[in-house]
Protein chains: 2
Amino acid sequence: MLDLVALGEPLVQFNAVTEGPLRYVTYFEKHSAGSEANVCVAVSKLGLRSGLITRLGNDEFGFFIYEWLRGQGVDVSRIRFDPERPTGIYFVQRSYPVPGVSTVLYYRKGSAASALSPSDLDEGYIADSRVFHTTSITMAISDSAREAVVKGIEIAHRRNVMVSFDVNIRRLLWPSIEDAVKAVEGVLRNVNVLFLDENEAELLLGTKDPQVVFREVEARFGISRVILKMGIKGSVARWDGETVNSKAFQVPVKDPIGAGDAYAGVFLASVLKGLPPSRAIVRASAAAAMVVMVRGDEENLPREQDLEVFLRNYGLSDVELR
Amino acid sequence: MLDLVALGEPLVQFNAVTEGPLRYVTYFEKHSAGSEANVCVAVSKLGLRSGLITRLGNDEFGFFIYEWLRGQGVDVSRIRFDPERPTGIYFVQRSYPVPGVSTVLYYRKGSAASALSPSDLDEGYIADSRVFHTTSITMAISDSAREAVVKGIEIAHRRNVMVSFDVNIRRLLWPSIEDAVKAVEGVLRNVNVLFLDENEAELLLGTKDPQVVFREVEARFGISRVILKMGIKGSVARWDGETVNSKAFQVPVKDPIGAGDAYAGVFLASVLKGLPPSRAIVRASAAAAMVVMVRGDEENLPREQDLEVFLRNYGLSDVELR
């Protein structure tokens with residue numbers, strides 16, 4: 001039995017060691033990344049059991065991700081190696097032209113994970129977990145991967161597994177923004193926990209006002225657990241009728257990619273551990289701040305003791321929060 | 001008027017900073033590479049004028065290659081940027097499992113250069129050059145690129161431009177070795193200068209005996225200028241009835257990729273400069289040795305003064321060769 005099972009594409013991230021346009025960067029640092037994989041590692045680092053359903057290329061980069069995830073304690077028993085297609089990769093350009101903002105260059109078209117399909121889903125594996133998590137990124141990589149997402153959510157819903165969905169619209173991956181919105185709307189009826197940011201709220205609901213967002217999401221899709229991320233302004237969540245919020249922790253930003261995954265993973269792990277949403281949201285905000293301090297998405301994901309030290313530094317230790 | 005016009009795909013090379021399986025390599029170093037681009041740079045560094053016909057992605061990696069080639073003095077006026085497709089890239093794994101041998105992992109499927117087609121060929125540009133150079137790598141990347149190679153060779157042949165062809169069979173890029181052989185055989189009738197190694201001779205002609213290779217290539221394809229590369233054993237060339245040879249220079253090998261391109265580029269540049277084949281082959285061998293001493297294919301390509309210093313160190317200075 002796993003606490004969280006995720007479905008999505010892990011990628012090798014090549015992060016620019018120096019800032020500025022990639023054409024002038026000489027050295028690139030290799031990391032294991034990918035939204036759902038990041039969430040698995042976040043959950044595993046907090047002592048819970050996670051597993052990732054995916055496909056990797058039968059190549060050195062696939063072996064790297066497989067061994068990395070296994071090393072982080074993620075269950076890799078449902079990872080398949082594709083003999084034909086390569087492992088997806090991407091490059092990160094940091095702080096150009098906007099300071100603190102990263103942009104990405106994908107080489108994931110035709111990747112192993114783009115061949116994900118409903119056949120990769122083991123119903124027992126999903127049914128025997130507490131949370132099934134995925135994102136619209138996986139819906140964007142191919143038609144068959146989108147079908148896998150739809151089917152995975154459907155299985156989890158039918159088997160009474162909590163369905164967590166991070167909207168995570170990546171414009172580079174969709175033919176048009178309308179396609180993205182349509183795909184997301186198509187699955188929300190079976191979602192129990194929804195993560196989205198202000199831009200995504202605007203796209204999906206035409207508003208970024210938290211109270212309107214919560215009301216609309218509940219009215220239109222029946223979701224009573226919604227987390228709205230507002231960047232520098234912090235985040236606010238509606239959780240079974242209760243509204244909680246957290247500031248965003250101010251830290252030196254090396255690379256903001258991965259913040260949302262750290263947030264989702266730590267939020268989910270915290271509620272799975274029985275913590276109230278008021279604490280989950282603060283812990284999630286702290287984790288998001290921690291990962292943007294380094295290149296790579298997963299290395300700075302906190303263990304419990306690191307999270308405690310981080311929060312204590314801000315006068316928000318567990319003791320005070322209790 | 002250019003001395004050499006080449007047709008082919010430049011790629012960004014990410015070379016492992018440390019040796020061993022790529023899964024354990026953390027840092028990668030960016031270089032501009034690609035067989036025909038390497039030849040252009042080799043020719044340009046020796047003071048002649050070269051130009052590359054190709055397509056690059058309209059992205060940071062495309063800009064990098066464009067600016068790099070322009071910086072090396074290569075004419076980039078026939079490079080087109082593709083708004084849809086990315087610049088091709090590849091990774092180099094060094095010294096695993098065989099010491100001194102590198103292996104590559106390509107991300108070039110669907111690259112900008114794979115959209116090369118006969119429409120990229122400016123007949124006047126080719127006709128106004130002294131040598132047209134390409135390889136079977138470019139024939140392997142797509143049907144349209146193969147058509148461009150066939151057409152480019154046909155134009156050069158018809159306009160009395162010397163056609164140079166480096167067999168350069170890359171097994172990873174062909175559906176089968178038979179496809180590669182068939183494609184190469186299809187263009188050899190219009191080739192004037194042929195570079196090949198022992199494996200390629202065996203594949204194309206069923207022999208690696210130099211005299212038989214020369215005889216067969218002349219008999220079957222009418223090519224009287226053939227250079228056979230024999231790795232550690234050196235190389236031997238037949239040039240208009242004269243046979244010349246050179247040892248391979250023993251140097252510390254960091255990454256052997258690019259040696260063949262350095263060889264072809266310096267051989268061609270040398271004969272274009274009016275040097276006899278007996279000197280061209282020694283200079284080409286020296287250049288091949290020089291580029292394997294560093295990561296990257298183009299950085300150690302010699303200027304005239306560097307070549308002179310290298311050869312003098314081996315007791316083979318220009319003075320003694322004359």
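Derivation of every value follows stated rules applied to the coordinates shown; laboratory data play no part. Small disclaimer: the values here were computed from a predicted structure and weren't measured. When we count neighbours, we look across all protein chains shown, and the Cβ atoms used for this are built from the backbone with ideal geometry, even at glycine.
Could you list B:His133, B:His157, A:His31 in order of exposure, starting from the residue whose Cβ has the fewest other Cβ atoms within 10 Å? Can you show the working numbers first?
Values: B:His133 31, B:His157 17, A:His31 24.
Placing the least packed residue first, the sequence is B:His157, A:His31, B:His133.
For A:Glu84, B:Glu202, which order do you get if you count the other beta carbons within 10 Å of each Cβ and list the fewest first? Kindly include the intermediate steps, with their values, before the conclusion.
Working: A:Glu84 9, B:Glu202 13.
Starting with the residue having the fewest Cβ neighbours, the order is A:Glu84, B:Glu202.
Counting only DSSP beta bridges with both residues in the range A:2-312, what percent are antiparallel, rounded to the nearest 5? Of those bridges, close to 40 percent are antiparallel. On the beta carbon distance between A:Tyr106 and B:Ala219, with R0 = 35 Å, the FRET formula returns roughly 0.10. Taking amide hydrogens as placed 1.01 Å from N in the peptide plane, the amide H of B:Gly34 sits under 5 Å from those of B:Leu11, each at least 5 positions away in sequence or on another chain.
The range A:81-120 and the range A:1-49 have Cα centres spaced 11 Å apart. Highest GNM mean-square fluctuation among B:Val163, B:Val309, B:Val187, for chain B modelled with Cα contacts below 10 Å: B:Val309.
With label points set 7 Å from Cα along Cα→Cβ, the inter-copy distances at A:Glu299 are 2.2 nm, sorted shortest first. Please work out the FRET efficiency for the pair B:Ser317 and B:Tyr24, using the Cβ-Cβ distance as r and a Förster radius of 35 Å; give the result to the nearest 0.05. With R0 = 35 Å, the Cβ-Cβ based efficiency is 0.20.
Could you list A:Val193, A:Val266 in order of exposure, starting from the residue whose Cβ has the fewest other Cβ atoms within 10 Å? List each step's numbers first, then the result.
Working: A:Val193 22, A:Val266 29.
If I rank by nearby Cβ atoms, fewest first, I get A:Val193, A:Val266.
Classify the range A:170-322 as rounded, prolate or oblate, taking a ≥ b ≥ c as the square roots of the eigenvalues of its Cα gyration tensor: rounded when a/c is under 1.5, otherwise prolate if a/b is larger than b/c and oblate if not. Oblate shape, in that a/c is at least 1.5 and b/c is the bigger or equal ratio. The range A:242-281 and the range B:270-300 have Cα centres lying 58 Å from one another. Residue by residue, the range A:27-43 carries 3J(HN,Hα) couplings of 10, 10, 10, 8, 9, 8, 8, x, 3, 5, 5, 4, 5, 4, 5, 4, 5 Hz when phi is fed to the Karplus relation 6.51 cos²θ - 1.76 cosθ + 1.60 (θ = phi - 60°); x denotes Gly or Pro.
Applied to the range A:184-200, the Karplus parametrisation 6.51 cos²θ - 1.76 cosθ + 1.60 on θ = phi - 60° returns per-residue 3J(HN,Hα) values of 5, 4, x, 10, 5, 4, 9, 9, 9, 10, 10, 9, 7, 9, 4, 4, 5 Hz, with x for Gly and Pro. Positive-end ranking of A:Ala280, A:Phe195, A:Ala183 along the dipole of the range A:2-312, with charges on Cβ about the Cα centre, is headed by A:Ala280. Around the amide H of B:His133, modelled in the peptide plane, lie the amide H atoms of B:Val5, B:Ala6, B:Leu7, B:Ser164, all under 5 Å away and 5 or more residues distant in sequence or on another chain. Computed on the Cα trace of the range A:45-171, the radius of gyration divided by the Kirkwood hydrodynamic radius gives Rg/Rh = 0.99. With respect to the cross-link table entries B:Lys208/B:Lys247; A:Lys109/B:Lys182; A:Lys45/B:Lys30; A:Lys109/A:Lys229; B:Lys208/B:Lys273; B:Lys45/B:Lys273, which display a Cα-Cα separation exceeding 21 Å? Those over the limit are A:Lys109/B:Lys182; A:Lys45/B:Lys30; A:Lys109/A:Lys229; B:Lys208/B:Lys273. Comparing B:Trp68, B:Val291, B:Val236 along the charge dipole axis of chain B, the residue lying farthest to the positive side is B:Val236, per the Cβ-charge model. Converting phi to 3J(HN,Hα) with the Karplus coefficients 6.51, -1.76 and 1.60 and the offset θ = phi - 60°, the range A:167-174 yields 4, 6, 6, 10, 4, 4, 8, 9 Hz in sequence order, with x at every glycine or proline. Across the identical copies, the label point of A:Arg158 (7 Å from Cα in the Cβ direction) is separated from its matches by 6.3 nm, in order from shortest. Ascending distances from the B:Tyr314 label point to its copies in the other chains, with the point 7 Å along the Cα-to-beta-carbon line: 6.3 nm. Magnitude of the charge dipole for the protein assembly as shown, about its Cα centre and with charges confined to Cβ atoms of Lys, Arg (+1) and Asp, Glu (-1), is about 360 debye.
What percent do you get for the relative contact order of the range A:1-86 when only Cα pairs under 8 Å and 6+ apart count?
Values: 165 pairs, mean separation 26.5, N = 86.
Answer for the range A:1-86 is 31 percent.
Per residue of A:12-25, other chain Cβ atoms within 10 Å of the residue Cβ number 3 on average. For chain A, the relative contact order comes to 16 percent (Cα pairs under 8 Å, sequence separation of at least 6).
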